[in-house]
Amino acid sequence: MEKEAKKLYKSTKQKLSKAKRSYVCRSLKDVVRGYRNCKTASEERDFVKKESAHIRDLFREEDTTFRRQNVLKLLFFHMNGYPTEWGQLECLKLCASARFKDKRVGYLGLMILLDENQQILMMMTNCLKLDMNHNDTKIAALALTAMGNISTPEMIRDLLPEVLKLMQNGTPHLRKKAALIGARAVRKLPELSADLIQPIRRLLSARHGSVLLTSTTLLIEICKYSPDLIPEMRTDLLPLLRDLLSDLLAAGFDPDLTVGGVTDPFMQVKVLQAIGTLAKRDQPASDSVEDVLSQVLSSTDANRNAGAAVIAECVKTIFKIESPQSLQALAMSNLGKFLISKDPNSRFLALSELRNVVKLNPALVKPYTETILECLHERDTSIRHRAVELAFAVADQNTLSRVTEEVLEYIEDCNPDVKEETCTHLVDMVDRLSSNLQWKVEIFIRLLKKADDYVREDLLDLFAALISSTSSVQGYAAERLFNEVLATKADAPIVASTFKLDRFAFSIFGEYGELVTSHSTGIRIDDVYRAYDAALSETMESVATEELDRATYEALLATRQVAITSAAKLFSKVVEAGQVGEENILQVRQLISKWRQSLDLESQQRACELSTLLTVELSEARSAIFARQETIDADDARKRILLPLTGTSSSLALLGGSSDLIGFGDDLAQLPAAEGSNAPAAQRSDPLSDILGLSSLPAPPKAEPLPLPGIESLTMPPPSRKSGPSAQVAGGSLLDDLLGPSAPRPASVEAARRPATTSSAASSVAKPEGTELGPLPVMDENGLQVSISLFKVGTTPQNETRAVARFLNTSQQKIERFVFLLSVPKYMKLHLQPATSTSLEANGGSATQSIGLQNAMSGEKSIQLRFRVEYTKAGQPTMQKQGVIANIPRDL
Amino acid sequence: MMQYFLLVNRQGVVRLAKWFQPYSQKDRNKILREITNFVITRQNKMCNFVEWKDVKLVYKRYASLYAVVAIDPDDNELITLDMLHLYVETLDRYFGNVCELDIIFNFHRAYYILDEILLGGELQDSNKRAPLHAAYEGDALAEKVPEYAPKSYHRK
């Protein structure tokens, strides 16, 4: 009776589930097919929406019959980019089920769907713990697989005992998985390494194929993340690995393991890696593996991919450890074969490997220079990129000009993504290896002509500094730039593709032009005038805004501003030197004066200031103001250029290719970058703006603003510069006030700062586009005044705002240990630069601090700032003040 | 170590994606979008490696599918290429002449096999036998064993 009832129950259940399946729930296959039958994207979306709703209903009903099926459907939708976070809990329910088939889908779902959702991870940890202790090894294996793919540090800490247990007592299938979890654990929590050494010994001595592979992986990770444990493992594990490798070399054909004629290349590569890490920087250990390494090189067939992989790894190992020259030579000959191979993979590999070798011993790579340069002509961007990196590293005095020519050719048609980097490397190399400054300038001009847009501003600064420091090249540079650039301006005034070159040419020529106009054979001053006349022609103003994008427009303005200053500077010096008569000054003044009506505020301001300076009354002050600027320290500019380069060339520059440093190259290479990044940002000067001679004149510590007739005096604290005070005191402070780049502007001028497109609405209430606000008073007490100005800079993205805070001490006592801090709400980001000074002298001592702000909700929420000020006055306790900076409009 | 493993077809549709690092969904989509453009546009005779951001991409084209894997800069590219091939060969053995459609309709099985070959971005096994055995055993307990599987697995 009971039996019959059971049978009836069973058959009814089966019928029911069958009915459900056909009427209620579609199978995975049907869903995939249905999705694929959709013709348009919107059809697909509707389909997924409908199915998801159905699945959600079943989930809500706590249905168990179709849960597996439904989770798999969700995974399919997930793979096609639909949101499926709501399915995570269902996966967990499947994992908690007692059946293998549920768990299998459940863990798969978690591995695919899971992000760092903490709550789910915690519940998952419990599930994993139970399953790892399960008697059924298949279930334990599922748990290990899941943990190998998702493991947060907390999970590792909680489950390590279980993993260790399986690593030692499990079946080989479980042990190999547990070893890889160990590798992942070490990567995330290196302090666990010590616990894993003993298990590794046991795993390696077990000599089971897959277990050996994964425990070698674990060994490599331990060496990588806990190098202090290497000596302990070296003594017994290195001989073991060495024997393992020679066994593999001697083994015959095995259908399961032989790939491309090589027995278990995967294992060989891993063992070679492990040997490399264990024998690194240890002479006896290196000697002990020498034979087996040369055996690998001689007995492996490099024609197939697997063999090439083993040889590549072996070469890597040889250069990692303390190997003798004969072995290194053998390795190099193998790389040489790769380099001329027909297979692009081998060539790529050879270039990557040579990049490592060149760090250790450039002499080994130098014979291959020609072959490397040939690779620059390939069509494959991966190979070309590698080759150019290597070319930079391998170049020396003898090959410099050849490499430079090739790289200049390469830059013309290389991938735009790497152009900027390549330009920087090229300049770095040329600067490093050549002492011929004329040649350097020549190359730089050619580079600017080829890739103007991609040359970093720092490089312009570097060359400005180099030229300023060597008087013999100043005339040459000015002449070359005039002939190459300025002389052509009559035909093509200022074009977008050569902004940087133009700017560079104008600034250098303005500074040193009089050296080449003075000789009878030099440049005729009429030509010079014509060039400036063309560059500053008024017609450009109308072209400017309509067709150009904002960045280009800004660059155009910047170039023109430089041209205006350059013209004034050059002609005042030429006249002073008596090369031409005083009437020329007036001519140039006329040229500049046109720009007093410019719609660009900066141009307008400069034109006003300079045309005032060019009047007869101020001719005395002029000579001091326009005097040749001091030498700029090129090393400062170099440091900034080297800063982001961690590649081969900069590290080489430091290593100087000395061979006694072999093996320590990697560590040393970090040094220049670290040094550079410690340099306080406040100390960085800007040599290119300096070269215009206007803002660079050092100001005395106590700068009293001198009002200049006709121009509103603006209070701008003197920027902190490295150079000391000089004799030109009066002129210096005068001009500092004039051209403080971020000085607050009077409201009357603000109205004129509208781009031409909006000029018709000049009198309406429309807000100016180049928004600027301030200075806003932040606080004023005890003689300490703090104000802040905010402004948008044209080239920065919409959501970025810059700010400058100014601090002024009007009291009788010196303010010391001054700190100004800001805080912003979560939707904003803040970059606070150090202040120019932490102490403010009594009676007018001042300092500034620049601030970068990013507003992720620009347009929706306004910038909100809280500030905090701390300072001490002589003999008094530390003062503090904090508060809110209010009234910042939304569009900033 | 591998950062991720992808199977993408020539139209850029993802057929399988395995992430060995906790990337957010947003990052995943971004990577997929950028990589597919990048890899698919490369020409036949170019090498199988691309440096992209801070990883090396190793890819290989199998008929309509691209297998792409991202590895650390100091990993061995060539052996990674062989690992890709090991996986594809195992799939081929499992499905019996695998094609894109097999993977579309049985993506979960493709994942099960991948999970037996790679774990946490490292190679688990250097032969096809053990992963296949594990996959068949799992199938025998959970669903239908593929018909071309060895007879010993058809227990049910």
### Task
Tell me which residues come under 5 Å, amide H to amide H, from A:Asp282 once H is placed; ignore anything under 5 positions away on its chain.
A:Glu322
### Query
From a point 7 Å beyond the Cα of A:Arg281 in the direction of its Cβ, which residues of region A:323-346 have a backbone N at a distance under 20 Å?
A:323-324
### Message
Under a crude label model (7 Å from the Cα following the beta-carbon direction), how far is A:Lys861 from A:Ser472 in nanometres?
### Response
6.1 nm
### Message
Report the gain in length on full extension from A:Asp291 to A:Ser246: 0.36 nm times residue separation, minus Cα-Cα distance, nm rounded to one decimal.
### Response
15.2 nm
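Give the shape of region A:780-874 as rounded, prolate or oblate, defined through the alpha-carbon gyration tensor: a ≥ b ≥ c are the square roots of its eigenvalues, a/c under 1.5 means rounded, and otherwise the shape is prolate if a/b is larger than b/c and oblate if not.
On the way: a/c = 2.83, a/b = 2.31, b/c = 1.22.
Judged from the Cα gyration tensor, region A:780-874 comes out prolate (a/c at least 1.5, a/b above b/c).
What FRET efficiency comes out for B:Ala63 versus A:Asp46 if R0 is 30 angstrom and r is the Cβ-Cβ distance? Round to the nearest 0.05. Don't skip to the end; give the middle numbers.
Values: r = 31 Å, r/R0 = 1.04.
That pair, B:Ala63 with A:Asp46, gives E of 0.45.
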### Task
May I ask you to sort B:Tyr112, A:Tyr35, A:Tyr532 by Cβ crowding, counting other Cβ atoms within 10 Å and putting the fewest first?
A:Tyr35, B:Tyr112, A:Tyr532
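Over 18 Å between Cα atoms: which of A:Lys224/A:Lys280; A:Lys6/A:Lys103; A:Lys224/A:Lys316; A:Lys13/A:Lys73 fall into that group? Don't skip to the answer; put the middle values down first.
Details: A:Lys224/A:Lys280 12 Å; A:Lys6/A:Lys103 27 Å; A:Lys224/A:Lys316 16 Å; A:Lys13/A:Lys73 24 Å.
Beyond 18 Å: A:Lys6/A:Lys103; A:Lys13/A:Lys73.
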### Task
May I have the count of lysine pairs in region B:2-153 with C-alpha atoms under 21 Å apart, counting pairs 8 or more residues apart or located on different chains?
16
### Query
Using the Karplus equation 6.51 cos²θ - 1.76 cosθ + 1.60 (θ = phi - 60°), what ³J(HN,Hα) coupling, rounded to whole Hz, does each residue of region A:86-98 give in order, writing x for Gly and Pro?
5, x, 4, 5, 5, 4, 5, 4, 5, 4, 6, 5, 7
### Query
³J(HN,Hα) across region A:451-462 via Karplus (A = 6.51, B = -1.76, C = 1.60, θ = phi - 60°), whole Hz, x for Gly/Pro?
9, 3, 5, 9, 7, 5, 4, 4, 5, 4, 4, 4
### Query
Hey, quick one: spin label on A:Gln882, modelled 7 Å out along Cα-Cβ, who in region A:829-852 has an amide N within reach, i.e. under 15 Å?
none
### Query
What lysines sit close enough to A:Lys450 to cross-link, taking a C-alpha to C-alpha distance under 21 Å and skipping anything fewer than 8 places away on the same chain?
A:Lys419, A:Lys440, A:Lys489, A:Lys500
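Please report how many Lys pairs in region A:771-885 have alpha carbons closer than 18 angstrom, counting only residues at least 8 apart along the chain or sitting on separate chains.
On the way: A:Lys792/A:Lys829; A:Lys792/A:Lys861; A:Lys814/A:Lys873; A:Lys814/A:Lys881; A:Lys826/A:Lys861; A:Lys829/A:Lys861; A:Lys873/A:Lys881.
Lysine pairs meeting both conditions in region A:771-885 amount to 7.
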### Message
5 Å is the cut-off here: which amide hydrogens, built 1.01 Å from N in the peptide plane, fall below it relative to A:Ile788, excluding neighbours closer than 5 in sequence?
### Response
A:Leu776, A:Val778, A:Arg806
### Order of A:Asp396, A:Asp428 under a 10 Å beta carbon neighbour criterion, fewest first
A:Asp396, A:Asp428
### Task
Please sort by residue number the GluC sites (Glu not before Pro) in region A:51-97 whose DSSP state is loop and whose Cβ has at most 13 other Cβ atoms within 10 Å.
A:Glu61, A:Glu62
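When a footprinting reagent is the concern and you count Cβ atoms within 10 Å, what order do A:Asp30, A:Asp380 take, fewest first? Working shown, then result.
Numbers: A:Asp30 12, A:Asp380 20.
Result, fewest neighbours first: A:Asp30, A:Asp380.
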### Distance-filtered residues of region A:66-95 - backbone nitrogen under 14 Å, label point 7 angstrom along B:Asn29 Cα→Cβ
A:78-85
### Task
Among A:Met828, A:Asn843, A:Ile815, pick out the residue whose Cα is farthest towards the positive end of the charge dipole of region A:771-885, where Lys and Arg carry +1 and Asp and Glu carry -1 on C-beta, about the Cα centre.
A:Met828
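Go through A:567-580, A:244-257, A:138-151 and give me the packing order, highest mean Cβ count within 10 Å leading. Display every interim value, and only then the final one.
Details: A:567-580: 21.4, A:244-257: 13.6, A:138-151: 24.5.
Going by the mean number of other Cβ atoms within 10 Å, highest first, we get A:138-151, A:567-580, A:244-257.
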### Summary
Karplus ³J(HN,Hα) for region A:354-366 (6.51 cos²θ - 1.76 cosθ + 1.60, θ = phi - 60°; Hz, whole; x = Gly/Pro) runs 4, 5, 6, 5, 5, 5, 8, 8, x, 4, 5, 8, 3
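Normalised by the number of residues in region B:2-153, what is the relative contact order in percent for Cα pairs under 8 Å and 6+ residues apart?
Working: 175 pairs, mean separation 32.3, N = 152.
Worked out over region B:2-153, it gives 21 percent.
Could you calculate the FRET efficiency of A:Asn782 with A:Lys826 from 1/(1 + (r/R0)^6), where r is the beta carbon distance between them and R0 is 35 Å, rounded to 0.05? Walk me through the numbers before you get to the answer.
On the way: r = 33 Å, r/R0 = 0.94.
E between A:Asn782 and A:Lys826, to the nearest 0.05, is 0.60.
Each reported figure results from applying straightforward, stated rules to the coordinates on display, with no laboratory input. Nothing here was measured: the structure is a model prediction, and the numbers come from that model. Note that each Cβ is placed from the backbone with ideal geometry, even for glycine, and that neighbours are counted across all protein chains shown.
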